[in-house]
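Q: Sharing a structure here in structure tokens format.
The values are calculated or read from the model by the stated rules, or taken from the named source; none is laboratory data. Note that the coordinates shown come from a computational prediction; the quantities given were computed from them, not determined experimentally. Cβ: placed from backbone, ideal geometry, glycine included. Neighbour counts: every protein chain shown. Accessible surface is based on the protein model in full, side chains and every heavy atom, while ligands, DNA and RNA are left aside. Shrake-Rupley method; radii C 1.70, N 1.55, O 1.52, S 1.80 Å.
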Amino acid sequence: MKKFSLVAVMCLLASVMGCNQSSPTTGQASDTADSSATDDHGHDHPHDGEKDHSVEGHGHGVGPHDGTIADWGGGKFHVEFTVNHDKQQATVYVLGSDEKTATPIDAESIELAITDPEMQVVLSADPQEGDPEGKSSRFVGMHESLGVVQEYAGTMTGVVDGTPYSGDFSEEAHDDHEH
């Protein structure tokens, strides 16, 4: 029985490592292929069955503002990256654990680091309607390189109640019928 368990663990480990390292692009086949083994990960997500949550910085799909969502603090917060190429502007929304609810934080700014083209953008608080005084769930910043129409990848960082948070994201093309 021990030999069978060791073999099963080694096969599972090899298959998980192989899926996460096999392709330099974010192949959707590997995301859905191993999601059934990782759906029960200790907290509810409205998109169970879509992604493998065992990997830090995992993708969450499209957010409520048609942006790309990243994890802050193991699911305590989520941040959604959006870009308006015409305005050369990035907007990041802070969301709750449900990935939908605006969650205002006590911060004047958060930072956005894009890997290609390499840039650093400070996003300033731009409170949405309903955000309490002194808090914001929306942060906006501009950079001329954001005018380039492409899928962006990078990191969003900020401090909430003295705790630093960081989340990696990578945009993926999705069917978008532009007007």
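Q: Looking only at the stretch 83-97, count how many residues are over 19 Å from Pro164 (Cα atoms) and either aromatic (Phe, Trp, Tyr) or surrounded by 13 or more Cβ atoms within 10 Å (Cβ to Cβ) (or both).
A: Residues in the stretch 83-97 being over 19 Å from Pro164 (Cα atoms) and either aromatic (Phe, Trp, Tyr) or surrounded by 13 or more Cβ atoms within 10 Å (Cβ to Cβ) (or both): 6 in total.
Rundown of residues vs (1) of a type outside the set (A, V, I, L, M, F, W, C); (2) closer than 24 Å to Gly73 by Cβ, yes/no style:
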residue	(1), (2)
Ala107	no, yes
Glu118	yes, no
Asp126	yes, yes
Glu144	yes, no
Val149	no, no
Tyr152	yes, yes
Thr155	yes, yes
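Q: I would also like to ask the following. Select from the stretch 133-162 the residues that are among the polar types (S, T, N, Q) and outside any strand (DSSP E or B) and write down the one among them that is modelled with the highest pLDDT.
A: In this case the residue turns out to be Ser137.
Q: For the stretch 144-153, how many residues meet the condition of being out of contact with any His (no Cβ under 9 Å at 6 or more places or on another chain) and open to solvent by 60 Å² or more (accessible area, probe 1.4 Å)?
A: Selection size over the stretch 144-153: 2.
Q: Moving to a separate point now. Restricting to the stretch 108-132, what's the tally of residues that are open to solvent by 70 Å² or more (accessible area, probe 1.4 Å) and either outside any loop (DSSP other than H, G, I, E, B) or modelled with pLDDT under 95 (or both)?
A: The qualifying residues number 6.
Q: While we're here: Answer yes or no as to whether Glu80 is in a strand (DSSP E or B), open to solvent by 30 Å² or more (accessible area, probe 1.4 Å) and within 20 Å of Val160 (Cβ to Cβ).
A: Against the criterion (in a strand (DSSP E or B), open to solvent by 30 Å² or more (accessible area, probe 1.4 Å) and within 20 Å of Val160 (Cβ to Cβ)), Glu80 does not qualify.
Q: Looking at (1) in contact (Cβ under 8 Å) with a residue 24 or more places away in the chain; (2) within 16 Å of the chain's Cα centre (by Cα); (3) open to solvent by less than 40 Å² (accessible area, probe 1.4 Å), find the lone condition where Gly141 falls short.
A: Only one criterion in (1) in contact (Cβ under 8 Å) with a residue 24 or more places away in the chain; (2) within 16 Å of the chain's Cα centre (by Cα); (3) open to solvent by less than 40 Å² (accessible area, probe 1.4 Å) is unmet by Gly141, namely (2).
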